[in-house]
């Protein structure tokens with residue numbers, strides 16, 4: 001009986017394993033900070049890995065995704081240690097599709113947005129602040145959702161049931177956000193329980209008109225994705241601890257893409273009505289963008305011309321301002337180019353400049369991405385940031401910055 | 001004598017087949033599959049003969065106003081899971097979306113420029129869209145040729161779309177089956193750009209399906225070979241199988 005049960009279990013397990021799909025990548029990254037604050041690391045070497053297991057059977061899907069990172073300095077003495085190494089469960093969810101609907105439950109990552117440089121409505125998952133500041137590295141969120149599909153769109157009810165701590169790399173990592181004497185305590189401070197649900201209602205669709213439009217509207221009641229920090233002492237150079245706080249909002253968001261010929265017009269916007277918080281004001285954030293593509297500018301290559309503008313403002317003057325909240329895209333203009341070679345390596349070069357129109361900051365970058373020997377991917381980038389000379393912005397605290405970065409990834 | 005000449009000319013005009021008629025019959029010969037599901041193997045060959053392989057899974061829904069198709073990339077590994085959804089339209093630009101699995105992002109694509117390269121291959125997006133006579137202008141009669149003992153029609157067409165990369169296309173069509181065997185593409189300077197050779201036609205459930213297209217670019221000496229495998233048709237696919245929701249599935 002036991003033998004028969006074991007054989008049945010083994011067969012079931014083997015059959016399940018046959019339907020499991022595995023994919024992932026291993027990356028090695030080297031970064032040299034040609035200009036950086038004196039006491040911070042002049043370079044960085046990081047190994048990263050991500051593996052995803054997917055089980056798909058008819059209309060049922062289960063996903064598990066793990067990420068790992070090992071920083072070179074975390075293998076060194078404690079003074080060089082910068083707390084960038086981790087093993088992390090990004091996703092673990094199950095999804096069942098029905099004729100006109102879908103349910104999902106578990107830890108997952110979602111994407112909302114239309115713009116290229118900063119997706120201001122992509123607020124569902126917080127970012128992990130232990131990875132490269134210029135990369136998006138989202139933390140999975142425990143949630144459940146029900147989606148009803150219509151002919152041209154979908155209506156989703158999403159309930160987030162856990163607010164995540166947001167880990168951050170430590171000093172002397174070059175992208176540590178605070179001065180050396182500030183210790184960051186990652187345990188999140190909340191107005192209500194950590195498990196107080198945040199409820200999102202999202203409607204999105206596409207029009208079948210001469211100028212096609214993709215649109216999405218989201219309403220939220222719950223914890224905001226914007227966070228603020230408090231200190232346990234005066235900022236006079238003596239050691240202090242910063243704590244991160246989450247507060248409650250009613251929020252309306254939208255993101256849209258309009259297609260007019262070879263141009264895409266994009267808009268993201270949000271308005272947050274903050275619920276009874278003495279420090280945080282109601283605020284709005286707006287992003288407008290246009291992307292025009294010229295095809296076959298040289299042989300098969302395409303050239304994309306991109307321009308985006310961002311505006312953020314708080315609506316009550318006696319509360320935290322954009323500077324207190326480390327808001328980077330508060331009155332910023334981006335102009336950039338994307339050159340796609342359109343050949344076998346899927347290579348492209350993207351570059352541009354972000355100019356802060358209020359605080360006179362500039363950030364320039366150029367990035368190459370392409371495939372090597374079919375299984376490797378190469379990323380090369382150069383970035384230069386000139387911080388505000390006299391205003392205490394996030395870039396001003398971080399200091400003038402110039403870097404070269406090389407990343408080689410093996411994909412399987 | 002005059003009567004005989006007139007009779008001869010009359011017979012000739014009866015025998016002549018217009019470019020448009022051949023195109024309509026050619027369209028009919030490959031239509032009626034309702035929907036199709038297949039694996040696509042694409043081999044990119046550069047001017048030095050080096051090869052790169054690409055693998056995709058594709059489903060298509062046949063529709064009068066323009067087909068709907070969903071393509072999923074299976075290799076190379078870094079683009080595995082990327083999906084491309086296309087709603088073709090005859091009288092306006094296609095609706096296109098790209099799903100990027102690493103970001104979980106659906107990106108809208110501007111499809112106005114039809115001449116762009118598909119995945120770095122010698123195929124343009126417009127080469128891979130479904131054949132529809134309403135997309136072209138046909139004038140005059142088709143020439144009749146004999147190639148390897150087979151009677152062929154040589155059919156000339158001009159794309160209606162101003163955004164096409166071509167000024168004209170010349171197709172060699174089998175006079176018996178009305179299947180296309182070869183197609184020459186002329187660029188905007190009216191110079192010969194590419195030649196596509198159609199091979200391995202198979203009859204699946206009484207409908208002709210193409211098995212292989214070799215596209216040779218005469219100007220850069222590169223070639224792309226596209227092979228359809230494990231193709232099935234009339235699978236009962238529906239509109240909902242091409243809803244935007246399938247991108248994230």
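What follows draws every value from the coordinates through simple rules; no lab data is involved. Fair warning: this is a prediction, and the values are worked out from it, not measured in the lab. Cβ sites come from the backbone with ideal geometry, for glycine too, and all protein chains shown count toward neighbours.
What's the exposure ranking of A:53, A:305, going from fewest to most Cβ atoms within 10 Å?
A:305, A:53
Within 10 Å, count the other beta carbons around each residue, average over each peptide in A:67-73, B:157-163, and list them highest first. Provide the component values of the computation, followed by the final result.
Numbers: A:67-73: 19.3, B:157-163: 14.9.
With the highest mean Cβ count within 10 Å placed first, the list reads A:67-73, B:157-163.
Equivalent ellipsoid semi-axes for chain B, as square roots of 5 times the alpha carbon gyration tensor eigenvalues: give them largest first, rounded to whole Å.
With the √(5λ) rule applied to chain B, the semi-axes are 35, 20, 18 Å.
Assign one of three labels to the range A:139-199, namely rounded, prolate or oblate, based on the Cα gyration tensor with a ≥ b ≥ c the square roots of its eigenvalues; rounded applies when a/c is under 1.5, prolate when it is not and a/b is larger than b/c, and oblate otherwise.
prolate
Taking 0.36 nm per residue of separation and subtracting the Cα-Cα distance, what length does fully extending residue B:144 through residue B:43 add?
Between residue B:144 and residue B:43, full extension yields an extra 33.1 nm.
Based on alpha-carbon centroids, what's the gap between the range B:92-113 and the range B:198-249 in Å, whole number please?
When both Cα centres are located, 20 Å separates them.
Given R₀ = 25 Å, what would the calculated FRET efficiency be for residue A:136 paired with residue A:94, taking r from the Cβ atoms and rounding to 0.05?
Once rounded, the FRET efficiency stands at 0.50.
In cubic angstrom, how much convex hull volume per residue do the alpha carbon atoms of the range A:155-235 span? Don't jump to the answer; show the numbers that get you there.
Details: hull volume 12.2 nm³, N = 81.
Value for the range A:155-235: 150 Å³ per residue.
For the range B:132-249, what is the relative contact order in percent, using Cα pairs closer than 8 Å and at least 6 residues apart in sequence?
Reported relative contact order: 13 percent.
What percent does the relative contact order of chain A come to when contacts are Cα pairs within less than 8 Å and at least six residues apart?
For chain A, the relative contact order is 12 percent.
In whole Å, what are the extents of the range A:11-115 along the principal axes defined by its C-alpha atoms, from largest to smallest?
Ordered largest first, the range A:11-115 gives principal extents of 60, 41, 19 Å.
Counting only helical runs of four or more DSSP H residues, what would the 222 nm mean residue ellipticity of chain B come to if each run contributes -39,500 (n - 2.57) and the total is spread over all its residues?
Mean residue ellipticity, 222 nm, calculated: -3500 deg cm²/dmol.
Please report the spacing between the Cα centers of the range A:31-61 and the range B:14-53 in Å, no decimals.
Cα centroid to Cα centroid, the span is 43 Å.
Which value at 222 nm does chain A reach when only helices count, each DSSP H run of 4 or more adding -39,500 (n - 2.57), with the total divided by all residues and rounded to the nearest 500 deg cm²/dmol?
So the helix-based figure for chain A works out to -1500 deg cm²/dmol.
Shielding by partners for B:119-132, please: the mean number of other protein chain Cβ atoms within 10 Å of each residue's Cβ. Could the numbers behind the result be given before it?
Numbers: counts 4, 10, 4, 1, 0, 3, 1, 0, 0, 0, 0, 0, 0, 0.
Counting other chains' Cβ atoms within 10 Å and averaging over B:119-132 gives 2.
Shielding of B:90-97 by partners, i.e. mean partner chain Cβ atoms within 10 Å per residue?
3
Would you mind pulling out the separation of the Cα centroids of the range A:239-293 and the range A:139-203, in Å?
15 Å
Quick one: if you stick a label point 7 Å off each Cα along the C-beta vector at residue B:189 and residue A:217, how many nm between them?
Each label point is offset 7 Å from its Cα along the Cβ direction, giving 5.3 nm.
Remind me, relative contact order of chain B in percent, using alpha carbon pairs under 8 angstrom and six or more residues apart?
21 percent
On the principal axes of its Cα set, how long, how wide and how thick is the range B:110-166? Give whole Å, largest value first.
Principal extents (Cα only, largest first): 43, 24, 16 Å.
Mind pulling the angle between the C-alpha long axis of helix B:19-30 and the longest principal axis of chain B? Nearest 10 degrees, somewhere in 0 to 90.
Relative to chain B, helix B:19-30 is tipped by roughly 50 degrees.
Mind checking the mean number of beta-carbon atoms from other chains within 10 Å of the Cβ atoms in B:103-115?
Per residue, the average neighbour count from other chains is 6.
Ranked highest first by average number of other Cβ atoms within 10 Å, how do A:99-110, B:112-123 line up?
Ranked from most to least packed, the peptides come out as B:112-123, A:99-110.
Against the globular-protein guess of 2.2 N^0.38 Å, express the Cα radius of gyration of the range A:286-389 as a ratio, rounded to two decimals.
Taking N as the residue count of the range A:286-389, the ratio is 1.37.
With the calculation restricted to Cα positions, what are the radius of gyration and Dmax of chain A in angstrom?
Computed over the Cα atoms of chain A, radius of gyration and Dmax are 23.0, 79 Å.
Taking square-rooted eigenvalues a ≥ b ≥ c of the alpha carbon gyration tensor, is the range B:72-186 rounded, prolate or oblate, where a/c under 1.5 means rounded and, failing that, a/b exceeding b/c means prolate?
Because a/c hits 1.5 or more and a/b exceeds b/c, the range B:72-186 counts as prolate.
Please report, largest first and rounded to whole Å, the three semi-axes of the ellipsoid equivalent to the range A:101-248, where each semi-axis is the square root of five times an eigenvalue of the C-alpha gyration tensor. Show your work: numbers first, answer last.
Numbers: eigenvalues 245, 65, 30 Å².
Values for the range A:101-248, descending: 35, 18, 12 Å.
Once the Cα atoms of helix B:2-15 and of chain B are each reduced to a long axis, what angle between those two axes, in degrees from 0 to 90 to the nearest 10, is obtained?
10 degrees
Mind giving me the FRET efficiency for residue B:151 and residue A:66? R0 is 60 Å, r the Cβ-Cβ distance, nearest 0.05 is fine. Intermediate values should be presented prior to the final figure.
Working: r = 63 Å, r/R0 = 1.05.
Plugging the Cβ-Cβ distance into 1/(1 + (r/R0)^6) gives 0.45.
Treat the count of other C-beta atoms within 10 Å as a stand-in for reagent exposure and order B:234, A:319, A:278 from fewest to most.
A:278, B:234, A:319
Rounded to the nearest angstrom and ordered from largest down, what semi-axes does the equivalent ellipsoid of the range A:98-149 get from its C-alpha gyration tensor (root of 5λ)?
26, 15, 7
Does the range B:104-249 come out rounded, prolate or oblate, given a ≥ b ≥ c as the square roots of the eigenvalues of its C-alpha gyration tensor, rounded meaning a/c under 1.5 and, failing that, prolate meaning a/b above b/c? Write down the numbers at each step before the final one.
Numbers: a/c = 1.78, a/b = 1.27, b/c = 1.40.
Cα axes put the range B:104-249 in the oblate bin.
Tell me the volume per residue, in Å³, of the convex hull enclosing the alpha carbons of the range B:198-249.
Numbers: hull volume 7.4 nm³, N = 52.
Measuring per residue, one finds 142 Å³ for the Cα hull of the range B:198-249.
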